[in-house]
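Notes for the one structure printed next.
The values are calculated or read from the model by the stated rules, or taken from the named source; none is laboratory data. Computed from a predicted structure; not experimentally measured. Positions of Cβ are generated from backbone atoms using ideal geometry, with glycine treated the same way; all protein chains shown enter the neighbour counts.
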Amino acid sequence: MATDELVDAVGADLPRAQGPAVAEGARRRLVLSQLGWYVLLSALSLLVLFPIWMTIVRAVSEPFVYIQEGQPLYPIAVDWGVFGTAWADGDLGRSLLLSLAVTAVITVAQVVTSVLAAYSFAFVRFPFKNALFVLVVATLLLPIEVTLVANVRTIRELGWLDSVQGLSAPFLASAFGIFLDRASSACRASCATRRASTGSGTSGS
Amino acid sequence: MSEAAPRRRRQSAAREALFGYALLLPGLALLAAFAYYPLYRLVRFALYRPNRFGTGETYVGLSNVTDVLGGQEFRDGLWITVKYLIYTVPTGLVLGLLLALAAHRKLKGIKVFQGIFSSTVATSVAVASVVFFGLVNPKVGKFGNVAFIDLSRSESALRGVALTSIWQNIGLTFVIVLAGLQAIPDQLREAALLDGFGPVRRLFRVTLPLLSPTLMFLVVVLMIFGFQAFAPIELLTQGGPAGSTETLVFKIFRRQDPGQISEGSVMALGLFALTFVVTLAQLTILNRRVHYGD
């Protein structure tokens, strides 16, 4: 059984022992199925992007006219000036720079601390490893809103209020990063040989 | 074998352990300052109630803990939190999985679709909340009067809030599932094909079992996100209507002044203990059952 199915699934990669007619049919089916996937993927993209699109529509449309017209899915009475207004009123230039600085500091620090800790958890043998790992992962369970008050106090005592180091300090180490890194390096250790022999690549599921 | 060998082995083991601890040090030191210290303060506030001026404190002891954890407020918050998990975790997982299965194939331009599906990763919780404020807000939202997610009615408000989290989590779930799919070796799929497995059987017998560590990780992460949801609630409903969207974190955050911080701290510890037990149970049970592909 299943030679047809096989041709269908593997498509053009399979040597065509069945003759040109079957191969032609298979190729046509392949093109059709690809077209189907494009349609499906496009529809899904629209769905995922819809909330963002509606936010853009709402941003550039004149608010009263937009509500009056029953909030259409497309912009009306467009005023591109809102971007300039928002930029000036919100002092966004300064905020963006600050965000950039904080992001850079946090990213570098988290990568360093996570990689070091994850390597240790994945490959080094030492006593109390599991207990320490639980201790690290446990911090994932502390919501920011819960630790916020104590951390703001710590930052104030350090004299770091309203500064880049004050904004980033609580986030320089991340249990999430450590957890994720460890998971992937543990897999890599076991998957590496297998992948090396086949070469990795994407394929249909 | 010489007699010195066991000692040498012990020595190298000690050195390896020291190396392991040294690698952990930077991360752990930071966590100590910004996670364990706040946790310690929670414990303190749970046992000692500060007076109204913050100048002194009285010991209230464990009775405070049992009072709060057994109280109606905590139970209400817990139930609302659990409902929030039910709305967000399975939906988020299935959506991310479906998107990843759809976008994991050889097609020209597939990277564009993968980029779009993962795009919600780039939004913060606050941005997602503002985005959905424009969609589901009862006064000005485009879908403000859709009954199923109506924020102005206490039966449906939580679902409206949950929508925000679901959408925002799509990107992360998608990226992680896609990475998991790409890690599955091609020859397993080919072997299943040669065995005459159809697409459905391939999905349930090959792909999903091999994906189970990834899915397990996601369930844990999504549950933790759900337990901690705060920003969408603060922005969309402020806990209302009639307290119907007051999750535990929301209740805790609203109890920070000296008169209430003791109660808030006990709730926070309760939430922490609960999340801890649930996560630990998930990790140990699922760890034993998931397929790690060795």
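A single member of B:ALA242, B:ALA162, B:ALA191, B:ALA147 is more than 17 Å from B:LEU101 (Cα to Cα) and touching a helix residue (DSSP H, G or I) at 6+ places or on another chain (Cβ under 6 Å), and it is B:ALA162.
Taking B:PRO241, is it more than 12 Å from chain A (Cβ to nearest Cβ) and in a helix (DSSP H, G or I)? Considered against the rule, which asks whether it is more than 12 Å from chain A (Cβ to nearest Cβ) and in a helix (DSSP H, G or I), B:PRO241 comes out as no.
Comparison of B:ASP186, B:ASP150 shows that the only residue that is at pLDDT below 85 and farther than 30 Å from A:ALA59 by Cβ is B:ASP186. Hey, any hits in segment A:110-121 for a residue that's modelled with pLDDT of 90 or more, surrounded by 12 or more Cβ atoms within 10 Å (Cβ to Cβ) and more than 30 Å from B:SER12 (Cβ to Cβ)? Checking segment A:110-121: at least one residue is modelled with pLDDT of 90 or more, surrounded by 12 or more Cβ atoms within 10 Å (Cβ to Cβ) and more than 30 Å from B:SER12 (Cβ to Cβ). The residue that is farthest from A:ILE67 (Cα to Cα), counting only those in segment B:113-127 that are more than 8 Å from chain A (Cβ to nearest Cβ), touching a helix residue (DSSP H, G or I) at 6+ places or on another chain (Cβ under 8 Å) and assigned to a helix (DSSP H, G or I), is B:GLN114.
Per the listing A:ILE67, A:ILE76, the residue uniquely in contact (Cβ under 8 Å) with a residue 12 or more places away in the chain and outside the structural domain of A:SER163 (by TED's automatic domain parsing) is A:ILE76. Of the listed requirements (1) surrounded by fewer than 21 Cβ atoms within 10 Å (Cβ to Cβ); (2) modelled with pLDDT under 90; (3) hydrophobic (A, V, I, L, M, F, W, C), B:VAL94 misses just one: (2).
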